[in-house]
1. Residues of region 569-589 being surrounded by fewer than 19 Cβ atoms within 10 Å (Cβ to Cβ) and part of a loop (DSSP other than H, G, I, E, B), which ones?
2. Do you know which residues across region 181-235 are without any contact (Cβ under 8 Å) to a residue 24 or more places away in the chain and under 30 Å from GLY261 (Cβ atoms)?
3. Pairs please, first residue from region 6-30 and over 15 Å from TRP337 (Cα atoms), second anywhere and at pLDDT 55 or above, Cβ atoms under 7 Å, 6+ apart in sequence or on different chains.
4. Which residue pairs have Cβ atoms closer than 8 Å, lie 6 or more positions apart in sequence or on different chains, and pair a first residue in region 382-411 that is closer than 18 Å to LEU616 by Cβ with a second residue that is of a type in the set (Gly, Ala, Ser)?
5. Consider region 66-82. How many of its residues are more than 36 Å from the chain's Cα centre (by Cα) and small (Gly, Ala, Ser)?
6. Considering every residue within region 315-335, establish whether at least one is modelled with pLDDT of 80 or more, in a loop (DSSP other than H, G, I, E, B) and out of contact with any strand residue (DSSP E or B) (no Cβ under 8 Å at 6 or more places or on another chain).
7. I want to confirm something. Restricting to region 517-536 and keeping residues that are buried (at least 22 other Cβ atoms within 10 Å of the Cβ) and among the polar types (S, T, N, Q), which single residue is nearest to ARG588 (Cα to Cα)?
Amino acid sequence: MPNLKTSAFSRLSSTTLLGAAVILGMLYFGRDILAPLAVAGIASLIILPLVRQLDALGINRAAAAIISVLLVGACLVALAVVLAFQLVSVTSDLPQYREAIQEKVESVRAITERPFARLEAELSAVIPQPVPELSRSGKKNSHAAAAAAAANATPTPEADTRMSVRGALRRLFALAWGPIGQAGIVLVLLVFILLEQESLRERLIRLAGLTEMSRTMQALGDAAEGVSRFFFSQFLVNLAFGLIMGAVLAAGGVPHAVLWGTLAGVLRFVPYLGALASGLMISIFIAAIDPGWWLALSFLAFYVCLEVIVANFVEPRIYGHSSGLSPLAVIVSALFWGSLWGPIGLLLSTPLTLCLVVAGRHVAALEPITILLGEAPDMSHAERFYQRALAGESDAIIRDARSHLQKQSFAKYCDQILLPGLALAALDLRHGRIETAQQERLRGSVSQLTEVLTQTPGAPRSLRRRREVPLLNSGVGAHLRELRLARLGRWQGSLDVPLGSVVLCGGLQGERDDLLSELLVHALRVSGIDARSITLDQPEDERPDSSKAELVSIVFLVYPTRERLDAWMAVVGTLRSNLPQALLVTIRPSFFNEEVDAATVKEQVDMVLSSFEEGLALASTHMRPAIKV
């Protein structure tokens, strides 16, 4: 049987949960320190390939790090300066659109306020509002108080000018100091991380332990490669988005199309909020310069459609494939890190989550993160088949099986997916881990799958129709045999065939042996082998005529279980005497770990194989194909 993996969540304890809560608290309350450090660390992974290229050219490591940071910083500053000058030129052109802007503002205000004003008037007509009466003394006192407040609040022109200049400078300094200070801290950290890159790597190896050096190096390499792939993919997507927007705006005759296209591409590096800001900004500008509304609304509709396509179809697949994260994980990580660290967390959400997913592949405590957020869950095809069968998803199982059969044989599908999945079901059933409803869904899914896959093309429609009730009563294998008997006759084909051209597949009476023998029969028949199934311990009057024994060249026996080993050995002895010329072969798949030891069985048969594919290869080389399905 396949080894069942220990659940990742079963290893969680109260200490682990407490540690996770402490880490979340540290991430939230220490964001002022951790966020710049994270930005510098991610930036170092992006710049590191450039540093290595310069180092390979013979430049000193420290000089290569500084040159790389200066080059990247210069590119970013140049881009920011170009955008700033372009924005200044746009603002200088806005006065000529002042009248159009005022008209648009008034029309929007009228559209938005008119329904509410009408609703208020209708409500006032139905429910009259009481008007409070004030005494004359109260009115005088209120007027006097208002006049005094206005007199006290009116500053002198000179004081107003000084306060406005000081306030403006103070606010400007406060706004600029935060980003400039954060950028300076990130720049310093980035330089030192690049300079100490090898030292930091050695420290991480020592923390993990020298015995884990290979795994630690693999984790660091995976993280660096994943972050680089993600940002490169993001750069390509945003570049294409900006080029498309710039081309559309230029075709529509919108001024400064290059600026708006660049802005649309650059702001998309800020997930979600950047795309929203760029779309609103460009729409407002188009509405200001265009006398009507058609151009602005058309652009807005195109922008929304393009953004929906890119955000929901292109990005999840490209980013997920390039970063190793599932499409849902990209969105969940943005929500998580954005709530912890704000815009910086939103920007770094995917790289940070990617690092955690990579770490989870090598650290047992972080394995649940990898399972939940990784690109593909660590589940084999057999395990996926089994969980779908438990859920009764027959159509999905059949669709997946047909997809596999387009690339591989039915025997290989049985060896790799169907039989291992049934072995998992047998193990759970033996230990009482499957409920009655799940057993019914499992049996129904397996019945529909095997009946669909073992149908013969061109068979009568009445025979190809799904018949679930007889199947559930008699077993999957017995039902498949009934279908073939109804189609081919009592002996499942003619007995007037060349000598040694028939292969028998059989086992003892029971649902397990019936199903395995029927699956093997179909795997052989689709390859042109005249295979027929037989129940080895059936009554004498139901067996083929002994005079036809020379037609059989190989007998494939279902591998026995411990409980029925004596009956199986007795049947094998009978076959030896009745079919002395036939080769007796049994198939013991590698996942049949609880069955009888191979050495005991090998004494009774001529050959013990390990898969249906080996059986198919043996039958194909031992005899000439005699039928065509």
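The values are calculated or read from the model by the stated rules, or taken from the named source; none is laboratory data. Since we're looking at a predicted model, the values are computed, not measured. With ideal geometry, Cβ positions are generated from the backbone for all residues, glycine too; neighbour counts draw on all protein chains shown.
1. Result: PRO580, GLN581.
2. Residues satisfying the conditions are ALA183, PHE235.
3. ALA8/GLU367; ALA8/PRO368; ALA8/ILE371; PHE9/PRO368; ARG11/ALA364; THR16/ALA365
4. What qualifies is SER409/ALA523; SER409/SER527; PHE410/ALA523; ALA411/ALA523; ALA411/SER527; ALA411/SER611; ALA411/GLY615.
5. Qualifying residue count for the region: 2.
6. Looking only at region 315-335, we keep the residues that are modelled with pLDDT of 80 or more, and these are 332-335.
Filter once more, keeping what is in a loop (DSSP other than H, G, I, E, B): none.
Taking every residue of region 315-335 in turn, none turns out to be modelled with pLDDT of 80 or more, in a loop (DSSP other than H, G, I, E, B) and out of contact with any strand residue (DSSP E or B) (no Cβ under 8 Å at 6 or more places or on another chain).
7. SER517
Conditions (1) in a helix (DSSP H, G or I); (2) more than 25 Å from SER339 (Cα to Cα); (3) in the same structural domain as LEU76 (by TED's automatic domain parsing); (4) in contact (Cβ under 8 Å) with a residue 40 or more places away in the chain, marked per residue:
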{"site": "LEU239", "(1), (2), (3), (4)": "yes, yes, yes, no"}
{"site": "TRP260", "(1), (2), (3), (4)": "yes, yes, yes, no"}
{"site": "VAL266", "(1), (2), (3), (4)": "yes, no, yes, yes"}
{"site": "PHE269", "(1), (2), (3), (4)": "no, no, yes, yes"}
{"site": "PHE285", "(1), (2), (3), (4)": "yes, yes, yes, yes"}
{"site": "LEU297", "(1), (2), (3), (4)": "yes, yes, yes, no"}
{"site": "GLU307", "(1), (2), (3), (4)": "yes, no, yes, no"}
{"site": "ASN312", "(1), (2), (3), (4)": "yes, no, yes, no"}
